[in-house]
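Visitor: To start, I am sharing the structure in question, which I have written as C-alpha cells.
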Amino acid sequence: MNIGGMEWGVTLWIDLWAAGMAGGAFLTAFLADKFSGGRLKNLFKLAVYTGIILALIGVALLLSHLGNILWFWHMFVTVQPESVLSLGGWILSGWLTVAGVMLVLWIISHYARGLKNFADKATGILSWVGFVLSILLMSYTGVLISATTEPFWSVTPLLPAVFVVSAVSSGVAWLIVVSLVVNWLNRTGVRAWDWFIEQFFDASGWQIDSAAISKLAKSLVVVILVELVVLAAFIFWLSASGSAAATEGLQLLTGGELSLWFWVGLIAAGLIAPLILLAMNWKRDFSTGILATITFSSAGLVVLGGLLVRALLLIAGQA
Amino acid sequence: MSKAILFDLTKCTACRGCQVACKQWNEHAAEETSNWGSYENPKELSGETWLKMRFIETERNGKFDWLFLRRACLHCEEASCAVVCPVGAIFKTEDGFVHIDQEWCIGCGTCTQACPFHVPHIDHHAGLAMKCSACTSVGYNRLDAGLKPACVSTCPTGALTFGDRDELVAAGQAQVENLKAKGYPNAYLYGENELGGLHVMYVLDDSPSAVYGLPDNPKVATADVVGKWLSGLVTAGVLTALPFWLVFKRKQELAGGSGKKGGA
C-alpha cells in the first residue's frame, strides 16, 4: 500500500478534519448557547475564534493540495453548482467571512461601547448564518469524498453522515480541550495573555463555566454513541452492497493492513475509551481536579480519532 | 456533427503503434518503468502517457487467451470529470470530445476520483490534470487541420477508425452481430449507450465487466449527490442537535451570562 502516492493524501485528511471540526465546534457552541438561553457567550466566542484558526489551516492545506496553487483564485471566479468542491470552496469562504465579521464586530463593540447594541444584533443574525454554514461545511467534507466513482466511498449514502457526526464529536471534544486550557491559563495567571484575552472576551472574564464543560462532556458521550451507531450502519451497508471493490476496501479496514489502526486506534482509543471514561463520571464535575485531566485526555483522544477516521476512510478507498 | 473513435479489439495485434504515436504527437517523454510481470508497459496512465494498451491474460472455454484493450479517455457524453471540476476547466468540444483547459485547471485532482474509468491523472511536474484530448489540445489540434487523431492514423490493422459517431455505431453494431454469428454470444458494443454514449467505443468479443474489467453501468459521480447531501444534513440536524437540547436545556445549572435569549 503506497500511501504517499495516493492522490488524496495527508494534506486532504487534515483539511477535511480541521474544516469539519471548525464547523462542529461552531454548531456545538451555537446550540449550547441557544438551548441554555444565551448564557454561554464565552464558549461561543471560543468556538468562533479557534474555529477561524482551524478553518484557515483547512484552507492552507486545501491550497497546498492543489497542483497549481497560484491559480486557486479560479475557484472564486467560477460557480459550478454541480461540483461539490466548488460548493465547498464557497461554503468554507462564507463560513470564514461570517466568523471573521463576528470577530471584528466583537472587537469594535469592545472599544466603541456605543456600537455594542448594533454589534450584538448583527452577531446574533450572523450566528444563525454561521450555524447553517457550519452544517453545510461539515456535510460538504463527506459529500466531496462520497461524490466519486470509488465504490468504497460512493456505494452507500452514509459516508457524509459518518463525516458529519465525526465532525460534531471532534468539535465538542475540541471545545472541551480549549475550554480546559483557557481555564487553566486563567488559574495559573499567565499575564501575557490577559490583554489579548480582554480584547476578545466579555469584561466578565474569559473563564468558561465549569458546568458548561461538564455539559459538553455529557453531550460528547451521547454524540460518541451516535457516531458508533452511524459507523456500524456504514460498515453494514458496505458489506451488504455486493460491490467487490467496496468489500475489498472494507476488508482492508476491518481485517487487513489498516485493521489495527481501525480497531485499536479509532474504535478503542478514539471512541470507546473516552465514552467509558466520561460515562463513568456522568454525575461529577468534569472540569476540576483529576476529572479535568481525564476529561482533557478523553476529549483529546476523540479529536485525534476524528483525524484517524478521515485518514482511514480515505486510505481504504484509494488502496 | 458528433465524432467518435471505434476500437475493434478483434483486429488489434497490440503493436502499440497508437501508444507511441500518442507520445510522439503530444511530445510526451518516455517514462522509466520496471517489469511487473506483464508485457503491458507502463503499468498505468499518467500525465505523460495518455494512451496505453492493456494486456489481459485469461482463460476461456478451457483455453488460454491473450486479449488487448485500448486504455485512454472514452470521451463520455455525460462526462463525470467535467461535472465535478470546480473551475469548469473540463468541457466538451463541438465534436463531442472531452477537453481539459490546461490554462485554467488548478490541479485539485477531483476529476481523477470522479472518472468511472480512472483515466485523468495529475502530472506532478505541471501540477495539472491530464488525459487524452483526441488530439484537440491547443497547438496540437489535428482535427482542425483535417487530420485524424494520431492513434487512428498510425493503426496498421484498422482496429481504430475515426468518423461520424452515428456511422461508427452502425459499423460497431454490424461487427458485433458478425462476432455473435461466429460463436461469440457475449459480443458487445461498449459505449453505444453508456454515460449518454461514449465518443470512444469498443467492439468487444466478450463481457465488458467479467473479461475486460469495464464497469457494467458506469455513472456520473454526482448521480445521487442529493441523497448524500441529505444524509449529511439530516445527521447534523437531527442526530447531533438532539444531544445538545437534552443536555443544555437544564440551564439553571449554568452560572454567569445575561440569560437573555439570542445573545450569541
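Visitor: Could you check the stretch A:221-280 and list, in sequence order, the residues that are within 14 Å of another protein chain (Cβ to nearest Cβ) and not in a helix (DSSP H, G or I)?
Guide: Selection gives A:SER241, A:GLY242, A:SER243.
Visitor: Where the second residue is not in a helix (DSSP H, G or I) and the first is within 28 Å of A:THR28 (Cα to Cα) and lies in the stretch A:222-245, which pairs have Cβ atoms under 8 Å and are six or more apart or on separate chains?
Guide: Listed by first residue and then by second, the contacts come to A:VAL223/B:THR240; A:VAL226/B:THR240; A:VAL230/A:LEU158; A:ALA233/A:LEU158; A:PHE234/A:THR156; A:PHE234/A:LEU158.
Visitor: Please indicate, with yes or no, whether at least one residue in the stretch B:85-100 is closer than 22 Å to B:ALA210 by Cα and modelled with pLDDT of 95 or more.
Guide: Scanning the stretch B:85-100 turns up no residue that is closer than 22 Å to B:ALA210 by Cα and modelled with pLDDT of 95 or more.
Visitor: Moving to a separate point now. Within the set of pairs 6+ apart or on separate chains, which have a first residue in the stretch B:30-48 that is among the hydroxyl-bearing types (Ser, Thr, Tyr), a second that is assigned to a loop (DSSP other than H, G, I, E, B), and C-beta atoms under 7 Å apart?
Guide: Matching pairs, first to second residue: B:THR33/B:ASN41; B:THR33/B:PRO42; B:THR33/B:LYS43; B:SER46/B:GLU31.
Visitor: Against the definition (surrounded by 23 or more Cβ atoms within 10 Å (Cβ to Cβ), modelled with pLDDT under 90 and either touching a Leu at 6+ places or on another chain (Cβ under 9 Å) or within 19 Å of B:PHE248 (Cβ to Cβ) (or both)), how does A:LEU27 come out, yes or no?
Guide: Working: surrounded by 23 or more Cβ atoms within 10 Å (Cβ to Cβ): yes; modelled with pLDDT under 90: no; either touching a Leu at 6+ places or on another chain (Cβ under 9 Å) or within 19 Å of B:PHE248 (Cβ to Cβ) (or both): yes.
No, not satisfied.
Visitor: Of the residues in the stretch B:102-127, how many are more than 9 Å from chain A (Cβ to nearest Cβ), at pLDDT 95 or above and in a loop (DSSP other than H, G, I, E, B)?
Guide: 2
Visitor: If you don't mind, another one. Any idea which of A:TRP8, A:TRP90 is modelled with pLDDT under 90, over 29 Å from A:VAL182 (Cα atoms) and aromatic (Phe, Trp, Tyr)?
Guide: Being modelled with pLDDT under 90, over 29 Å from A:VAL182 (Cα atoms) and aromatic (Phe, Trp, Tyr) holds for just one of A:TRP8, A:TRP90, which is A:TRP8.
Visitor: OK, next. If I ask for residues that are under 17 Å from B:LYS131 (Cα atoms) and of a type in the set (Ser, Thr, Tyr), which ones from the stretch B:38-80 would you list?
Guide: Scanning the stretch B:38-80 gives B:SER46, B:THR49, B:SER80.
Visitor: Next question. For the stretch B:187-205, state whether one or more residues are within 21 Å of the chain's Cα centre (by Cα) and polar (S, T, N, Q).
Guide: Checked against the condition, which is being within 21 Å of the chain's Cα centre (by Cα) and polar (S, T, N, Q), the stretch B:187-205 yields at least one hit.
Visitor: With respect to the numbered conditions (1) farther than 26 Å from A:GLU82 by Cα; (2) within 14 Å of chain A (Cβ to nearest Cβ); (3) in contact with a Cys (Cβ under 9 Å, 6 or more places away or on another chain), which one is the sole condition not fulfilled by B:CYS81?
Guide: The number of the failed condition is (1).
Visitor: Against the condition more than 7 Å from every other protein chain (Cβ to nearest Cβ), in a helix (DSSP H, G or I) and touching a helix residue (DSSP H, G or I) at 6+ places or on another chain (Cβ under 6 Å), how does A:ILE125 come out, does it pass?
Guide: The answer is no for A:ILE125.
The values are calculated or read from the model by the stated rules, or taken from the named source; none is laboratory data. This one's a predicted model, so the numbers in the text were calculated from it and none came from an experiment. Methodologically, a virtual Cβ is constructed for each residue, glycine included, from the backbone with ideal geometry; neighbour enumeration extends over all protein chains shown.
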